[in-house]
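Notes follow once the structure below has been shown.
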Amino acid sequence: MSAIRILIADNDTGQVETLRAALNHGEFEILSVVSARESAIKQLSIEPDIILLNPDILKERTLSRFIHSVQIKSPSTRVVYVLKDPPSEENAIADIKAGIRGFIKTTDQAINIAKALRSVYKGEIWAERRVLEKGIANPMLLPETLQAHVPGLPPLTNREMEMLTMVLQGATNKEIADRSKISERTVKTHLYRVYRKLKVKSRTKAIALLSHA
């Protein structure tokens, strides 16, 4: 098996050294280390298998915008958060919906960091059991699942993914509006954009297209 190609995007030198030490064997190849969001996006041209991302480098930019750039420039690349402390359940689920595929802590043992990255490379999500169990109880439509069903689909925003997930769960526009705390008119606007990206003209056709997603 070829080495798993890693891009480290982290402005904390201590964390970078911890990651270097944990990945210092033939199973992994560190392609580049950058300390800014802009540099990470430029480095997508080398098509890493995994980006180890310190969320601090996003600054005022949102995670969904960063993930959008990754999906456009290097669709097969998966993004893993590097954190000092574990995320809350709510934040972890929101991050997974946005496109994060794993969470590692700088205090994790090297053997566990390697195990996490192997799992993510294979297409799995690496998160605490309670987060995964909640995800199973409330199924999430993931960006890569959507891409598999609709090749060439322009990436959906986090909000659009949430709307489409609720549509597939059978929610009406009013129910979506109530859950999202927005107006039905805003829901219709979001769904119009979703259907246009899916190249369908109605909710029924969207459900039929994605019924096995």
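Just so it is clear, none of the values below were taken in a lab; they were calculated from the coordinates. Please read all numbers here as calculations on a predicted model, not as lab measurements. Neighbour counts run over all protein chains shown; Cβ positions are idealised from the backbone, glycine included.
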Exercise. What is the calculated FRET efficiency for I72 to S39, with r their C-beta to C-beta distance and R₀ = 22 Å, to the nearest 0.05?
Worked result: 0.85
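How high is the FRET efficiency between E175 and E29 when r is their beta carbon distance and R₀ equals 45 Å, given to the nearest 0.05? Intermediate values should be presented prior to the final figure.
Details: r = 47 Å, r/R0 = 1.05.
So, using R0 = 45 Å, E works out to roughly 0.40.
Placing +1 at every Lys and Arg Cβ and -1 at every Asp and Glu Cβ, with all other atoms neutral, what dipole size does region 143-209 have around its Cα centre, in debye to the nearest 20? It would help to have the intermediate numbers written out before the result.
Working: 13 positive and 6 negative charges, 71 e Å.
Here the size comes out at about 340 debye.
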Problem set entry | All aspartates and glutamates inside 17 Å of K105 as judged from Cα atoms, apart from same-chain residues fewer than 8 positions distant | D10, D12, E17, D56, D85, E89, D95, E128
For this session: Using θ = phi - 60° and the Karplus relation 6.51 cos²θ - 1.76 cosθ + 1.60, list the HN-Hα couplings for region 155-169 in order, rounded to whole Hz, with x at every Gly or Pro.
Result: x, 8, 6, 4, 5, 5, 4, 4, 4, 5, 4, 5, 4, 5, 7
Exercise. Out of residues 5 or more away from E29 or on other chains, whose amide H comes under 5 Å of its own, with H placed 1.01 Å from N in the peptide plane?
Worked result: I4, R5, I6
Exercise. Which aspartates and glutamates have a Cα lying under 20 Å from the Cα of K199, excluding residues fewer than 8 positions away in the same chain?
Worked result: E144, E160, E162
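Calculate, for D56 and R118, the FRET efficiency according to 1/(1 + (r/R0)^6) with r their C-beta to C-beta distance and R0 30 Å; round to the nearest 0.05. Present the calculation step by step, with values, prior to reporting the outcome.
Working: r = 25 Å, r/R0 = 0.85.
For D56 and R118, the calculated efficiency is 0.75.
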Problem set entry | Pairs from K59/K115; K97/K122; K59/K188; K122/K197; K122/K201; K174/K205 whose Cα-Cα separation, in the structure shown, is over 24 Å | K59/K115; K59/K188; K122/K197; K122/K201
Seminar exercise, completed: Taking Cα atoms, the helix 13-22 axis meets the longest principal axis of the chain at an angle in degrees (rounded to 10) of 80
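Take every Cα pair under 8 Å in the chain that's 6+ residues apart, average their separations, divide by the length, and report that relative contact order as a whole percent. Mind dumping the intermediate values first?
Values: 270 pairs, mean separation 32.5, N = 213.
Here the relative contact order equals 15 percent.
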Exercise. Hey, if you put +1 on the Cβ of every Lys and Arg and -1 on every Asp and Glu Cβ in region 143-209, which of T186, M163, P151 ends up farthest toward the positive end of that dipole?
Worked result: T186
Problem set entry | Nearest 10 degrees, 0 to 90: helix 63-73 Cα axis against the chain principal axis | 80
Problem set entry | Cα-centred dipole magnitude for the chain, charges only on beta-carbon of K, R (+1) and D, E (-1), debye, nearest 20 | 1100
Exercise. Given H placed 1.01 Å from N in the peptide plane, which residues other than close sequence neighbours of R78 have an amide H under 5 Å from its amide H?
Worked result: I50, I51
Problem set entry | Three-way shape label, region 4-137, alpha-carbon gyration tensor, a/c 1.5 | rounded
Exercise. Say each of L168 and A3 gets a label point 7 Å from the Cα, pointing the same way as Cα to Cβ; how far apart are those two points in nm?
Worked result: 3.6
Problem set entry | Most positive-pole-ward Cα, G123, P55, Y81, against dipole of region 4-137 from beta carbon charges | G123
